[in-house]
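Student: Following this message is one structure expressed as structure tokens.
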């Protein structure tokens, strides 16, 4: 791909896919002439970190389910994403495993009766820690963007919390807001 800056919008990742559609990342990358893949490096039950506990409305250290992924574009790591779910939603489902989920997690959540209707995202910039720098193949002076997202259902219950880290110099986030 010729332009190293990726312009990303969140909407495709928040909308359940139609039957037969590929996952949102693979489809977005292909539409821009690239190959988008992901590696699940860990999945299962873990104690909720403080920031995740706050997003999911559980106590710090309470059990949650995580899917920890390295997102790649044309074989190069471009994002680290940890997605957390309340244990009552994800325990015993493919969300707690390392297998690929056809149509993505949002599609599975919808099939399980959990549909997001509101999302809150917070974006900050900072220097990566050593593990993030290595995983994203960054130089010592390259900052990252950190996006924290929580998806809520109609009753304002949290369904999912995402913590994403991406190289700042290769990423542009775009937000489109509908009024009325």
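Student: Ranked highest first by average number of other Cβ atoms within 10 Å, how do 89-95, 70-76 line up?
Tutor: Peptide ranking by packing, descending: 89-95, 70-76.
Student: Moving on. Run the numbers for residue 135 and residue 100: contour at 0.36 nm per residue of separation, minus the present Cα-Cα distance, in nm.
Tutor: Full-extension gain reported as 10.5 nm.
Student: I want to check the label-to-label distance for residue 175 and residue 70. Put each point 7 Å from Cα in the C-beta direction and report it in nm to one decimal.
Tutor: Here the modelled spin labels are 3.1 nm apart.
Student: So how do 122-131, 137-146 stack up, highest first, on mean other-Cβ count within 10 Å?
Tutor: Descending packing order for the listed peptides: 137-146, 122-131.
Student: Averaged over all directions, how much area does the convex hull of the C-alpha atoms of region 24-173 cover when projected, in nm²?
Tutor: Its Cα hull, projected and averaged over all orientations, spans 8.9 nm².
Student: Next question, about the same structure. Please check which bits of region 92-116 a label hung off residue 157 would reach, taking the label as a point 7 Å along Cα-to-C-beta and the cut-off as backbone N under 11 Å.
Tutor: Taking a point 7 Å out along Cα→Cβ of residue 157, the residues of region 92-116 whose backbone N falls under 11 Å are 113-115.
Student: If you average the C-alpha positions of region 134-149 and of region 60-133 separately, how far apart do those two centres end up, in angstrom?
Tutor: 18
Read-outs: derived from the displayed coordinates by stated rules, not from any lab. The shown structure was predicted, so the numbers you read here are calculated from the model rather than taken from an experiment. Neighbour counts are summed over all protein chains in view; Cβ atoms, including those assigned to glycine, are modelled from backbone coordinates with ideal geometry.
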